[in-house]
Structures are given as structure tokens and as C-alpha cells.
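Visitor: To start, I am sharing the structure in question, which I have written as C-alpha cells.
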Amino acid sequence: MSLLPLPGQRIARGVCRHLIGRDFAPLTEFVPERGLRVDVIAVGPGGEIWIVECKSSRVDYVGDRKWAGYRPWCDRFFWAVDADFPAEILPDETGIILADAFDADIQRWPAATPLAPARRKALTRRLARTATLRLALALDPDIVAVPAR
């Protein structure tokens, strides 16, 4: 039995471990705006924000049409894939991370596209609130969550 049931979850785990090793604070399954849900978003020590989309197969990638909408929400955008993924099908302007359940390695760096200061501030605040609420709920599952505005 695997540690995590789905291939994408295993890839995300390795990505998060790698990002923590780079002094980034990752958060999985984050919604930057309605209709979008990123696999991993991470805040770096200088406030930079990276988004990593985990793809476990060609079919998984081809079926994802929302990824272009993630790029305005980060300074760098990466795909995370396993060793069997055909990386040549990924867009040249995006980064590539090779990952498994235990670690990851950046294979290709994307160009930085810095966020506007107002968007960075709002996004950082939303990330902090999401992460701290998740922690509070994990520590006390009986908390009644306040509905989102």
C-alpha cells in the first residue's frame, strides 16, 4: 500500500518536501479565485509565490484547461511530473519539477513574472488565513468554521 492513494498526491508530497527544503512554505489545494484550484502554492522567504501543478499522466495534463488561469497568481509557474511523464509536451515557458512521493528536483526554471504589489498583498493574506484555519481545524475538528465571504 502506498502512503497516498493517488499519483498526483504522491507527486504533491514530494514537491512540498522539496519546497520546504528551499525555505518555502507550501500549501496544497488552494483556491486563488472562484473556479481555480491549484495543487501546490508556496511562499518563499522573500515573499515570492510559486504555483506547482502536479500531473500524473498525459491524459491528466491534456484534460486540464485551467492552468493558464493560474499564472496571474504567481511569480513562477511549474509543472510537477514523475519520471514516466512525457515532459516534452509541457509549454516551454513553464517550469518543470521531477517528483516522486519523497522528493523533487527542478529540471527547468520558468522566467519570473512578478505579481503586482496589491495582488501579492491580498494573495499573501488569503494564503495566511487559509493555512491558519486549516491548522486550527486539524487541531480541533469540532470547531465550527466561519463561512467564506
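Visitor: Is there a residue in region 21-42 that is over 27 Å from Ala116 (Cβ atoms), out of contact with any Gly (no Cβ under 7 Å at 6 or more places or on another chain) and not hydroxyl-bearing (Ser, Thr, Tyr)?
Guide: Within region 21-42, one or more residues are over 27 Å from Ala116 (Cβ atoms), out of contact with any Gly (no Cβ under 7 Å at 6 or more places or on another chain) and not hydroxyl-bearing (Ser, Thr, Tyr).
Visitor: Would you say Leu115 is surrounded by 13 or more Cβ atoms within 10 Å (Cβ to Cβ), assigned to a loop (DSSP other than H, G, I, E, B) and in contact (Cβ under 8 Å) with a residue 60 or more places away in the chain?
Guide: Criteria met by Leu115.
Visitor: Out of Ala68, Ala99, report the one residue that is among the small types (Gly, Ala, Ser) and touching a His at 6+ places or on another chain (Cβ under 8 Å).
Guide: Result: Ala99 is the single residue among Ala68, Ala99 that is among the small types (Gly, Ala, Ser) and touching a His at 6+ places or on another chain (Cβ under 8 Å).
Visitor: Go through the residues of region 52-61 one by one and say whether even a single one is of a type in the set (Val, Ile, Thr), in contact with a Phe, Trp or Tyr (Cβ under 8 Å, 6 or more places away or on another chain) and either loosely packed, with under 12 Cβ neighbours inside 10 Å or modelled with pLDDT of 95 or more (or both).
Guide: yes
Visitor: Also: So in region 1-30, with the set limited to residues that are in a loop (DSSP other than H, G, I, E, B) and touching a residue at least 12 places away in the same chain (Cβ under 8 Å), which one is nearest to the chain's Cα centre (by Cα)?
Guide: Among them, the one singled out is Phe24.
Visitor: So, one more: State the number of residues belonging to region 102-111 that are closer than 15 Å to Val52 by Cβ and either part of a loop (DSSP other than H, G, I, E, B) or in contact with a Pro (Cβ under 7 Å, 6 or more places away or on another chain) (or both).
Guide: Within region 102-111, residues that are closer than 15 Å to Val52 by Cβ and either part of a loop (DSSP other than H, G, I, E, B) or in contact with a Pro (Cβ under 7 Å, 6 or more places away or on another chain) (or both) number 3.
Visitor: Another question about this same structure. Return the residues of region 2-31 that are at pLDDT 95 or above and over 18 Å from Ala104 (Cα atoms); say none if nothing qualifies.
Guide: Glu29, Phe30, Val31
Visitor: Can you name the residue in region 59-91 that is among the hydrophobic types (A, V, I, L, M, F, W, C), assigned to a helix (DSSP H, G or I) and in contact with a helix residue (DSSP H, G or I) (Cβ under 7 Å, 6 or more places away or on another chain) and is also nearest to Thr124 (Cα to Cα) among such residues?
Guide: It comes out as Trp73.
Visitor: Sort through Pro45, Pro26 and tell me the only one that's surrounded by 17 or more Cβ atoms within 10 Å (Cβ to Cβ) and more than 18 Å from Leu90 (Cα to Cα).
Guide: Pro26
Visitor: Return the total of residues in region 94-149 being closer than 23 Å to Pro45 by Cβ, touching a Gly at 6+ places or on another chain (Cβ under 6 Å) and among the charged types (D, E, K, R).
Guide: 2
The values are calculated or read from the model by the stated rules, or taken from the named source; none is laboratory data. Because the structure is predicted, anything quoted here is derived from the model rather than measured. For neighbour counting, all protein chains shown are included, and Cβ atoms are generated from backbone atoms with ideal geometry for every residue, glycine included.
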